[in-house]
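Novice: Encoded as structure tokens, here's the structure I'll be asking about.
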Amino acid sequence: MNGALWRVIAGAGARAARWPRWVQISALYLAARLVSACIFAGAALQQGVNPWFPPKPDYWNFINIWDARWYGEALRNGYPSELPVDAAGNVKENAWAFYPLFPLLGRVLSGLTGLAPATSLTLIASVAGLGAALVIYRLFRFKAGHRTALWGSVFVATFPLAPILQVPYAESLNLLLLAAALLLVLERRYLWAIPVVLLMDLSRPTGVPFAAMLGLLFLYRLYGRVRAGRRHGLPGQAAVGGPADHTPAGLWTLAALTAVAGVGALLWPAIAWAVTGDIQAYTRTETVWRGHDLVPFKPWFDTGVQLFGPVLGLLAPFVFVALFALLMMSKPAVRLGTELRLWCVCYVGYLLVFLHPQTSTFRMLLPLFPLALSAAWISRSRAYRGAVVVMFLLLQLVWVVWLWAWAQLPGGGDYPP
């Protein structure tokens, strides 16, 4: 019986392998989202009293909680012209913390179709997630063969935080735009990347690390051009037949993209300033959820002390940085190439400088998706790769039950997902 079942499964797999690759990626991604939907539905049946709806909600109500409510607020009512404050003059939670592209697309779709805001946002997030899966596969295919790129894409689709790609959050839209921008950079189509980067800058706060990555890449390419010219006895000139971005035109277009990315990274805070008249409108709003002002690096040490005590806690951030450095110097990470490694380093650096580590930090790791390809390179064994997928799906269950479902803490509130 087991042998017959295995032959059926193997035959189905062989037939699926002959499908067009975009169909393979889409089918695997949708299967992953179906598993996540089952996890959400099961957790919803266990949901008790909460701030949004009666216990045991249906699937659609259950996925429209937490920040989904803020995106819905931005869709329906836009952004306040004055920052709301309490009696003590402290800024209160408001929509300026949530970037505008996602709710704007939701408003357009609702206006065109008459769909409810929550439905529009859910549909956009779901379609963007599928689009991200397809672009990520193409990006991975730039570096690896079909099978490894496919497994890397499956790792992203089943990642413990992947359920966020089917809820009304901007993560899936941002992932799509980020993957497209990285692909265009890898293909050295820098001018084509400009509109994609600007849209990405208005989807989630990934603009600063992306601009930093481009700046470092420009310096690296410039250094390579100078070295190539000196080797051939022509200072400042590239060797004939060298890489396209070692030419003056390639460097100039990369510089243009870098400059636009730098401006785009500041675009949303500048818009918040222009509308409210407060130059700190965005940062003051963003730090409301932290409970204190933005001080670079300090929250990591504060959290380390809370978790590990006054001695080990101060060492914890340094240990984290050392471990990440070892990861980025490992052979699977080195195979990612200059651009993708630079992105991962710059993004982690951005988190270290600006992030207040908490439970929502987990979903902020999604932009490190290129590391999924490194994970696929560790071993070609089907047992290893299958075990990673099973582990990821089990951790999805942990994440949904622990963080997405509401369970009031003794002091009130709950950990955010």
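Novice: Counting residues that are more than 24 Å from residue 402 (Cα to Cα) and of a type in the set (S, T, N, Q), which helices (runs of 4 or more DSSP H) fully inside region 122-217 reach at least 1? Please lay out each step first, then the result.
Specialist: Working: elements: 146-158, 171-186, 190-201.
Here the list reads 146-158, 171-186.
Novice: Scan region 49-88 residue by residue and report those that are of a type in the set (Val, Ile, Thr) and touching a strand residue (DSSP E or B) at 6+ places or on another chain (Cβ under 7 Å).
Specialist: 85
Novice: Can you name the residue in region 276-326 that is among the acidic types (Asp, Glu) and in contact (Cβ under 8 Å) with a residue 12 or more places away in the chain and, of all such residues, is nearest to residue 83 (Cα to Cα)? Don't jump to the end; show me each part of the working.
Specialist: Of all residues in region 276-326, those among the acidic types (Asp, Glu) come to 278, 286, 293, 302.
Going one step further and asking which of them are in contact (Cβ under 8 Å) with a residue 12 or more places away in the chain, we end up with 278, 286.
Details: 278: 8, 286: 12 Å.
Result: 278.
Listed here are the residues, each with its yes/no results for (1) buried (at least 20 other Cβ atoms within 10 Å of the Cβ); (2) farther than 30 Å from residue 75 by Cα; (3) modelled with pLDDT of 95 or more; (4) of a type in the set (Val, Ile, Thr).
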{"residue": "162", "(1), (2), (3), (4)": "yes, no, yes, no"}
{"residue": "169", "(1), (2), (3), (4)": "yes, no, yes, no"}
{"residue": "177", "(1), (2), (3), (4)": "yes, no, yes, no"}
{"residue": "182", "(1), (2), (3), (4)": "yes, no, yes, no"}
{"residue": "200", "(1), (2), (3), (4)": "yes, no, yes, no"}
{"residue": "207", "(1), (2), (3), (4)": "yes, no, yes, no"}
{"residue": "223", "(1), (2), (3), (4)": "no, yes, no, no"}
{"residue": "231", "(1), (2), (3), (4)": "no, yes, no, no"}
{"residue": "245", "(1), (2), (3), (4)": "yes, yes, no, no"}
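Novice: Something else about it: Please determine whether any residue of region 336-351 is at pLDDT below 95 and not hydrophobic (A, V, I, L, M, F, W, C). Explain how you work it out, then say what you get.
Specialist: Of region 336-351, the ones at pLDDT below 95 are none.
No, every residue in region 336-351 fails to be at pLDDT below 95 and not hydrophobic (A, V, I, L, M, F, W, C).
Novice: If you scan region 279-311, which residues turn out to be under 19 Å from residue 205 (Cα atoms) and not in a helix (DSSP H, G or I)?
Specialist: Listed by number, the residues that qualify are 279, 280, 290, 293, 294, 295, 296, 297.
Novice: If you check residue 332 against the conditions, is it farther than 21 Å from residue 416 by Cβ and surrounded by 14 or more Cβ atoms within 10 Å (Cβ to Cβ)? Step through it out loud before you land on a result.
Specialist: Details: farther than 21 Å from residue 416 by Cβ: yes; surrounded by 14 or more Cβ atoms within 10 Å (Cβ to Cβ): yes.
Against the criterion (farther than 21 Å from residue 416 by Cβ and surrounded by 14 or more Cβ atoms within 10 Å (Cβ to Cβ)), residue 332 qualifies.
Novice: Since residue 316 meets every condition but one in (1) of a type in the set (A, V, I, L, M); (2) buried (at least 17 other Cβ atoms within 10 Å of the Cβ); (3) modelled with pLDDT of 95 or more, which condition does it not meet?
Specialist: (3)
Novice: Among (1) in contact (Cβ under 8 Å) with a residue 24 or more places away in the chain; (2) surrounded by fewer than 13 Cβ atoms within 10 Å (Cβ to Cβ), where does residue 352 come up short?
Specialist: (2)
Novice: Something else now. For residues that are within 23 Å of the chain's Cα centre (by Cα) and acidic (Asp, Glu), tally how many sit in region 67-92.
Specialist: Within region 67-92, residues that are within 23 Å of the chain's Cα centre (by Cα) and acidic (Asp, Glu) number 2.
Novice: Within region 66-76, does at least one residue satisfy the condition of being of a type in the set (D, E, K, R), assigned to a helix (DSSP H, G or I), at pLDDT 95 or above and touching a Leu at 6+ places or on another chain (Cβ under 8 Å)?
Specialist: Checked region 66-76: no residue is of a type in the set (D, E, K, R), assigned to a helix (DSSP H, G or I), at pLDDT 95 or above and touching a Leu at 6+ places or on another chain (Cβ under 8 Å).
The values are calculated or read from the model by the stated rules, or taken from the named source; none is laboratory data. It should be emphasised that the depicted structure is a prediction, and the values quoted were computed from it without experimental measurement. No Cβ is skipped: glycine too gets one built from the backbone with ideal geometry, and neighbour counts run over all protein chains shown.
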